[in-house]
Amino acid sequence: MGWETVIGFEIHAELATASKIWCGCSTEFGRAPNTQTCPVCLGMPGSLPVLNRKALELATRAALALGCRINRPTQFERKNYYYPDLPKNYQISQLRKNLGEGGFLDVKVGDSTLHVRINNVHLEEDAGKNIHPDAPGADYSLVDLNRAGTPLLEIVTEPDLRSKEEALAFMESLKSILEYSGVSDCNMHQGRLRFEANISVRRQGDDKLGTKVEVKNLNSMKTVLKCIEVETDRQIIELESGGRVVQETRLWDEAAGVTRAMRSKEVANDYRYFPDPDLVAVEIDDALLERIRAEIPELPDARRKRFVEKFGLSDYDAGVLTADKDLADYFESALAVYGANPKGVANWMAEPLRWLGEDPDRDIGEYPIKAAAIAELVKLIDGGTISGRIAKDVYRAMLDGEGAPAEIVKKKGLVQISDTSAIEPIVDKVLAANADAVEKILAGKEKAIGALVGQIMRETKGKANPQLVNEMILRKIRQ
Amino acid sequence: MEFTREDVRKIAVLARLDLTDAQMDHYAGQLGRILAHVDKLGELNTEGVEPTSHSLRLVNVLREDEPRPSLPNEAALANAPEQELGCFKVPPIIQEM
């Protein structure tokens, strides 16, 4: 009997607010250390937290988009532990009355749909950042509290995933929903979206779950996939050699490509959760709930259907384009420039899509070609200025930063030749040199014409209008 | 309510307090008496009473998402025993994240 991997996720997403969850400090990324703090987020005695309305609304929006039932009232609790990046010595989080519970996310994996259950969605605060000096022998760490108190959404799934493929489809789908609903910008490079994986293995066919290991420090989807592979192997080897898997938290070591057990502490964690006396309960009334529900923008599924109905794309193409909100936006902004041929524009999405696919953490904003330039390129093809074949060369030049499509066509003299008098001498020359082929065509083997068109296209460096060349050959040999 | 030296030791570790054995015995007695007093509440009949997590009858105390000025770096670090490069300087953090 083979082994089966069982995966669940805990996902943290920083919410797209301008200020922190309990105070007015800015959440802007990348500023000088400890310049976005105040008595509240520094954990000064006597300071009082007040909940950010937008954080509550965005978290509720995410909970609704993930099909959760909203707990009313919902309540905050203190999770007590000591760590230098946690100035209050407790994190304000939720436990007994999570904002949302019992949700799900239906994920497309290949041709089938996977139903992933969401245990809960809750609201909490992020911690600060620890900096470990590189200097050899440095026996200290530095703490920057700019991030402390940034509103954080935690999403906890049930262990419903069974493979790397399913895990990737889930992560992409979840990211897509969070981006679509405007809950978080999901920038993984900046750590605004973070995945923690709970991984266990069991014999195929077993109903009982194996002992799970929680892995932290996974800062990209690629890393998550690699970690699932490595951790699955580690657990199988452990079990097959007669050992056992210990329930523990492990850290991903990027450099070594392995997971390592975190040094176990003298006393097991005892978080002593209790309701935070500084924060009153939150009761989301029907009117607010309905307003938040109405504010959920078009989600990936609905957008896919619209792309099929409005633009005539295939369901597959529409699915691929809408999976990444930014790619779908990119496509639609190209259509805003040139909307006459959505399918033609969609065909040119294959390249940016391939580029995105090379690294799951890439962002379309970094792609060297802007959407408007693609629209312009398709317009040049549709208008007969360049052939589809030449368009590929133009695209390559655009990738190399040589300028706008029209500019490149002009600079390189790539305008399609649709003037018969310019092509005629070349057609005559090629026909004269290929009497055999001409005979074949006259004998009814029309396929032989392809080779002739090809030669003429080469002679004109691809600039002749192929349709026109075809017509000219036929006309001439039948004269 | 009985409170042992071991109970006190566990709480002391969680609270990062360094206590002598004599102090632990002393606090064990005091904490035991305090808890015994609180235990009196258990004698009340609370059937049909909703659990309360807050003494204030308030809900939905919210603020708008408007950034406000923060403390300057010097003020934020004013109480730090040690600092470097605008950061709090702390003993090395090993292994854990």
Sort out which residues of segment A:91-120 are among the small types (G, A, S), part of a strand (DSSP E or B) and more than 18 Å from A:L152 (Cβ to Cβ), and write them in order of number. A:G102, A:S112
Within segment A:367-399, take every residue that is touching a residue at least 12 places away in the same chain (Cβ under 8 Å) and assigned to a loop (DSSP other than H, G, I, E, B) and give me the one that is farthest from A:N465 (Cα to Cα). A:Y367
Residues satisfying the stated conditions in segment A:43-90, i.e. part of a strand (DSSP E or B) and open to solvent by less than 20 Å² (accessible area, probe 1.4 Å): A:L51, A:N52, A:T74, A:E77
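Residues checked against (1) surrounded by 14 or more Cβ atoms within 10 Å (Cβ to Cβ); (2) touching an Asp or Glu at 6+ places or on another chain (Cβ under 6 Å):
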site	(1), (2)
A:V230	yes, no
A:G242	no, no
A:Y273	yes, yes
A:P277	no, no
A:A294	no, no
Within segment A:183-210, residues being in a loop (DSSP other than H, G, I, E, B), over 22 Å from A:H122 (Cα atoms) and open to solvent by 60 Å² or more (accessible area, probe 1.4 Å) number 7
How about segment B:18-63: which of its residues are closer than 30 Å to A:P151 by Cβ and open to solvent by 100 Å² or more (accessible area, probe 1.4 Å)? B:E50, B:P51, B:T52, B:S55, B:R57
Could you list, in sequence order, all residues of segment A:1-47 that are at the interface with chain B (Cβ under 8 Å from one of its Cβ atoms) and within 20 Å of B:Q83 (Cβ to Cβ)? A:C25, A:A32, A:P33, A:N34, A:T35, A:Q36, A:T37, A:C38, A:P39, A:L42
Tally the residues that are charged (D, E, K, R), at the interface with another protein chain (Cβ under 9 Å from one of its Cβ atoms) and open to solvent by 100 Å² or more (accessible area, probe 1.4 Å), restricting the search to segment B:64-81. 2
Against the conditions (1) in a loop (DSSP other than H, G, I, E, B); (2) at pLDDT below 90; (3) within 22 Å of the chain's Cα centre (by Cα), where does B:L19 fall short? Just the number, please. (2)
Cβ contacts < 6 Å: first residue farther than 27 Å from A:C68 by Cα and among the charged types (D, E, K, R), restricted to segment A:133-154; second residue open to solvent by 30 Å² or more (accessible area, probe 1.4 Å) and assigned to a loop (DSSP other than H, G, I, E, B), any location; separation 6+ or different chain. Result? A:D139/B:P92; A:D144/A:P33
(1) surrounded by 14 or more Cβ atoms within 10 Å (Cβ to Cβ); (2) at pLDDT 85 or above all hold for A:V415 apart from (2)
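Taking into account only those residues within segment A:243-267 that are over 31 Å from the mean Cα position of the chain (by Cα) and within 11 Å of another protein chain (Cβ to nearest Cβ), which is modelled with the highest pLDDT?
It comes out as A:R263.
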Does A:D361 meet the test of being in contact (Cβ under 8 Å) with a residue 40 or more places away in the chain and open to solvent by 30 Å² or more (accessible area, probe 1.4 Å)? no
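The values are calculated or read from the model by the stated rules, or taken from the named source; none is laboratory data. Here the structure is a predicted model, which is why all the values come from computation and not from measurement. For neighbour counting, all protein chains shown are included, and Cβ atoms are generated from backbone atoms with ideal geometry for every residue, glycine included. To get the accessible areas, we keep the full protein, side chains included, count just its heavy atoms, and leave off ligands, DNA and RNA. Shrake-Rupley method; radii C 1.70, N 1.55, O 1.52, S 1.80 Å.
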